[in-house]
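First the structure, in the form of structure tokens, and then the observations on it.
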Amino acid sequence: MILDCHVVVPERGVDVGFTVQPGRTLALTGPNGAGKSTVLSAVAGWLRPESGHARLGERTLFDLAPGRSEWTPARRRQVGYLTQDPLLFPHLTAEANVAFGLRRAGVVHRAQRLQVARHWLDRMGVGHLAGRRPHQLSGGQAQRTAIARVLASGPDLVLLDEPLAALDAQVVPQIRELLTEVLTGRTTVLVSHHHADVDALADAEHRLSV
Amino acid sequence: MASASRSPAAARRQTSIDRTVRVRPPAGLTVVGVLGGVALLVPFAALVAGVDLARLPELLTSASALDALGLSVRTALTATAICLLLGTPLALVLTRLDFPGRNLARALVLLPLVVPPVVGGIALTEAFGRRGLIGEHLHVLGIEIAFTSTAVVMAQVFVSLPFLVVALEGALLTRGEAHERTALSLGASPLRTFLTVTLPLLVPGLVSGLVLTFARALGEFGATITFAGSLQGTTRTLPLQVYLERETDPEAAVALSLVLVVVALAVITVAYGRRGLSGAGVAR
């Protein structure tokens, strides 16, 4: 699905517009404080910009202007958001974390959800850790689980905010490769400081300035 | 297998010994600090020393003592349950809902914690007493609250609810909202998010908050005697019984006080035990 958006948050100096073609990955780059994460939060529905719009295919995520206020809550956006912190639910096992978003994807039965979750964990190379709680996972294992959780929920758009920044250097190349593979054909916006991430994952780059 | 897949950082944390050099208080302050601790503990030591062990079983099993104990446990448990049902939504409203005057509301919730309990009792009487603001209408309907066990529970809820709300507010603010936002982005409804993410994450705060709430309810005296009176088996809870026995049988008062101290110790153990009672655990 095509993403067309324009986000204005004056107090953070953000006035950014861009379009992402269906199935492509756009990298938002730029110095700290340029508002990259602010833009992702707005598209995800975690932050309400002062004005602007975002349309994902036929769906309006938000359309805010004087006299116009259309706002779709985060839960109805079908937008997957992966942050630097994997934010796994600490009281649930890895597979239950992944299964959490499968209700939206229309998997009705719990047993079936767990089966699909294990399939995704397998695909991320952490299938053998399905029964572990997040505190029993390393940073890399947790981030793989978080990637599985986002993709399993069947989002129409994937937002990645520095997905590799918090990981040990030795696992970064593996997970970057994994992301390259699983994001193929998905409309994605990536925020990253690292040229290696941008080069490997993005089809286009939009540079923000302060 | 388990250890092989742990991150090096996690392994380091497990075996870490705290070698940081602590900034110690000056020697003089240490002495005064120890004196402060002694001032807190001496009365309890005296209480334990004052218990007549030979008469203890008889004192604790008298009809009036058992009535008071039973009533106290029943009412304090009921009050704690009501605090859970009222306090959890209240804490959520005060931390997660933006509304004008929110800071004022958060301060006002602390009022019962700060006013003398007897004032709380007067306030409850003005509201729910026979000639009170709400009580006179209830009286017309044949409902009497003052001087019943219901009044005991209401007094306990009034004074102990802030304990739970404060504990939950702290837990909610420390935890932040990122996990809940993640759940919403995964398509969960607000109710499902509350039940499957917010509540489970709140459990540690709930446990310590409920334990403190129960302890406060169990020890409630001033509001109870003012609003509910002191009728054996109906409104005379353990603290009221202690106060009454002080006049007639001081040894019984000491024995019953010991019961309340033991319960309080158990409460502290549950509330703070998980954090570890060792010095190192607290220091970190």
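Please treat every number below as a calculation from the coordinates, not as lab data. Only a predicted model underlies this, so the values are computations on that prediction, with no experimental measurement involved. FYI the Cβ positions are ideal-geometry reconstructions off the backbone, even for glycines, and counts take in every protein chain you see.
Laid out as a table, the results:
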read-out: Environment charge of B:Val114, counting only residues whose C-beta is closer than 14 Å and scoring Lys/Arg +1, Asp/Glu -1; value: +2
read-out: 222 nm mean residue ellipticity, helices alone, for the protein assembly as shown (DSSP H n ≥ 4; -39,500 (n - 2.57); rounded to 500); value: -17000 deg cm²/dmol
read-out: Computed log₁₀ I(q)/I(0) - Debye formula, equal Cα scatterers, no solvent, the protein assembly as shown, q 0.12, 0.13 Å⁻¹; value: -1.10, -1.19
read-out: Theoretical FRET efficiency, 1/(1+(r/R0)^6), r = Cβ-Cβ of B:Gln232 and B:Val31, R0 41 Å, to 0.05; value: 0.30
read-out: Among B:Pro117, A:Pro10, B:Leu92 - extreme Cα towards positive end, dipole of the protein assembly as shown, charges at beta-carbon; value: A:Pro10
read-out: Amide H contacts under 5 Å for A:Tyr81, placed H, 5+ residues apart; value: A:Leu159
